[in-house]
Amino acid sequence: MNTLIFKIVAYSLSFISHLTGLSYKQINVIVYYFLIPFTWLVLLDGIFHSQYLKIAFVVFTLGFIVGCRDFRTYSDWLFDKSVSFLYYFKKFGIGYVTSSVWICVSLPIVIYCVLLYFVFK
């Protein structure tokens, strides 16, 4: 099952990469380091009835965009560091695919469920 989920996510990111002309690594970084955290902050702002977290994240992101001289190189570096982190779990008998699914798919889903619970509570 982990392999199927991994393939679906990887194919989806590859498809988006093809549509946008950005590299797979760039799309991966955009999704996991910008889009997903931004949506979490939007939900947290909904819980706290504020706008501060998403505004701060947008300001941070704009600063990053202005300051980042080469997003492709940065994305390659960050993606490779993320892969290294996921390979770290091999020490505990957990392969790359399984750690990817648990950390990059299951954990975000759990976080979304908790946040959505508190938003609609």
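The values are calculated or read from the model by the stated rules, or taken from the named source; none is laboratory data. Everything numeric in this text was worked out from a predicted model, so none of it was measured. Please note: Cβ atoms are built from the backbone with ideal geometry, for glycine as well, and neighbour counts cover all protein chains shown.
The table below gives the values:
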{"item": "Cβ pairs under 8 Å, 6+ apart, first in region 60-80 and surrounded by fewer than 13 Cβ atoms within 10 Å (Cβ to Cβ), second aromatic (Phe, Trp, Tyr)", "result": "Cys68/Tyr74"}
{"item": "Residue tally, condition among the aromatic types (Phe, Trp, Tyr) and over 16 Å from the mean Cα position of the chain (by Cα), over region 29-48", "result": "1"}
{"item": "Looking only at region 6-23, and only at residues there that are more than 17 Å from Ile103 (Cβ to Cβ) and of a type in the set (A, V, I, L, M), the one that is farthest from the chain's Cα centre (by Cα)", "result": "Leu19"}
{"item": "Test set (1) farther than 30 Å from Lys121 by Cβ; (2) under 16 Å from the mean Cα position of the chain (by Cα) - Thr3 fails condition number", "result": "(2)"}
{"item": "From Gln26, Gln51, residue being of a type outside the set (Ser, Thr, Tyr), more than 19 Å from the chain's Cα centre (by Cα) and modelled with pLDDT of 95 or more", "result": "Gln51"}
{"item": "Filter result (surrounded by 15 or more Cβ atoms within 10 Å (Cβ to Cβ), over 19 Å from Val105 (Cα atoms) and not polar (S, T, N, Q)) within region 1-41", "result": "Leu22"}
